[in-house]
Amino acid sequence: MRYVPIDALEPGQYLGRTIFSSNGAVLLSEGVQLTVYMISTLNRIGVTFVYVKDEHYDDIEIPEVISEETKRAVMRQMNEVFNTVRSGKEFNTKQVSVTIDSLLDDIMKNRDVLIHLSDIRSKENADYVHAMNVCMMSSVVGMNMGFTPTQMKELAIGALLHDIGKVGALPADDEDADRRRHHTWRGFETLKLKREYSLLIAHAAFQHHEHVDGTGLPRGLAGDAIHIYAKIVAVANTYDNLVSGLDEKGRRILPHEACERMMAMAGRALDKDVLIEFLKTVSVYPTGASVRLTNKEVGVVVGQHRGLPSRPVVRVVKNEDGQFEVKEFDLAKHPTLFIEAVLL
C-alpha cells in the first residue's frame, strides 16, 4: 500500500484502507476500485489522503495499535456521546467504559507497534477521529510510563472526552474574557458531575490547554500544578492537531515536521518528560509514505523499528527497460543515509 494525496488518485486504483463515517459505518471498503465519482465524493467530503494498493508494495502491512472493530466502536460511541450531550441529556458512562476497555486491551496486545495515524478523516468524522487518536496516543504514553490499570483507564476516558466542552459551544466562546466559557472549563463542568468517574478524568479535560510555563488556558497553571493526565493529553492533542492541519503556506504538516515543532515547545507549552516518552512511540515516517533519500533514490517506507522511529526501512523500485529492480534500505543499518524529504 501507498499513502497518497487525494489529488494524485486515479480512477481504477484500489482503496487500501477502509474509510468510516462519523458513526463508525463503512463509507468505502478496503479493496474497492475507485471511480471518478468516488474520488470526487472523497474530495467533496474533505478527505485529503488515502491508502491505495500497489503491486510493488502488496506485502506491506500497516500495523495498527487498535483494531478496525475497536475503531468503529469508538467512533460510534463518540457519535452517541456528542449527540446526547448536544440534546441536553446524560450520556452512558458505563458504555464509554466498556469501549475504553476494548481499546486498552488492543493497546496492551500491540504494545510494540509504533503509532501512525492512518485513519482517513472527512469533515463529518474529524471530531471523532481526533478524540480516538488523542485517546489512543495518550494511553500508549501512559502505558510506557508505567501507569497502573486504574490510571490507564482514567487517562483513556479523560483523553477520549477531552473536547466534550466543545459540544454546543461557539468558536468565539474560547476567546471570551470569561474563561468559564472556554471549552476546557465547560468540559470540566460536564465531567465532574459523573459520579462513576474520578475527578481526575474531569481534570484531563480541564487542563489540557494549560502550558507548563504558565501561559496556557483557562487558569494559567504551571509545572506540577498541571496533572500528569492533562500533560499527556496536551501532547497527544497538539500532535493530532498539527498533522491534521496546514502550515502557514497552506501545506499539510507531516509527522516529522510536527515532531520538530513540538520539540521546540518542550518546557514551554509541553512537558519535556512526557514529550520524550511520546516521541519514542510515534512513527515519524509512516509506513506507506513516499520518501526521497539523501542518495537521491525515491522509495516507500515499508517497515519500522521500535525505539528508532526516525530510521525506518525504505523500499526502492526502479523500472529499467521494463525490468523492475527492487532493493531495500534499512536506515538502522545505514548510519550515513537519511530521509531527505517526504514526497506528496
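List of remarks:
- Inter-site label distance for Arg252 and Phe324 at 7 Å from Cα along Cβ, in nm: 2.4 nm
- Counting only lysines at least 8 places from Lys153 when in the same chain, those with an alpha carbon closer than 26 Å to its own are Lys71, Lys89, Lys94, Lys109, Lys166, Lys192, Lys194, Lys231, Lys272, Lys280.
- Hydrodynamic radius of the chain per Kirkwood, over alpha carbon pairs, in Å: 21.0 Å
- Computed from the Cβ-Cβ distance with R0 of 41 Å, the FRET efficiency linking Glu175 to Ala8 stands at 0.65.
- Counted by neighbouring Cβ atoms within 10 Å, the residues Phe338, Phe278, Phe329, Phe324 run from fewest to most as Phe324, Phe338, Phe329, Phe278.
- Counted by neighbouring Cβ atoms within 10 Å, the residues Met145, Met75, Met152 run from fewest to most as Met145, Met152, Met75.
- If the segment from Ala341 to Thr150 were pulled out straight at 0.36 nm per residue, it would be longer than the present Cα-Cα gap by 64.6 nm.
- The chain, dipole about Cα centre (Lys/Arg Cβ +1, Asp/Glu Cβ -1), debye to the nearest 20: 700 debye
- By the compact-protein rule of thumb, 2.2 N^0.38 Å, the alpha-carbon radius of gyration of region 1-67 corresponds to a ratio of 1.09.
- Spin-label model distance (nm) - Ser310 vs Asn23, 7 Å beyond Cα toward Cβ: 4.5 nm
- Share, in percent, of DSSP beta bridges within the chain that are antiparallel, nearest 5: 95 percent
- The mean sequence separation of alpha-carbon pairs under 8 Å and at least six residues apart, normalised by the residue count of the chain, gives a relative contact order of 13 percent.
- Projected onto its three principal axes, the C-alpha set of region 290-343 covers 39, 19, 17 Å, listed from the longest axis down.
- Average Cα contact separation per residue, region 152-267, under 8 Å, 6 or more apart, as relative contact order %: 19 percent
- Rough spin-label spacing in nm, given labels placed 7 Å along Cα→Cβ, for Lys123 and Ser97: 3.9 nm
- Sites Thr215 and Met263 - FRET efficiency at Förster radius 22 Å, r taken between beta-carbons, to 0.05: 0.80
- Inter-centroid distance (Cα atoms) of region 71-134 relative to region 261-303, Å: 24 Å
Every read-out reported here was derived from the displayed coordinates using simple, explicitly stated rules and does not represent laboratory data. Computed from a prediction, not measured in an experiment: that's the story for all the values here. Here Cβ is always computed from backbone atoms with ideal geometry, including for glycine, and neighbour counts include all displayed protein chains.
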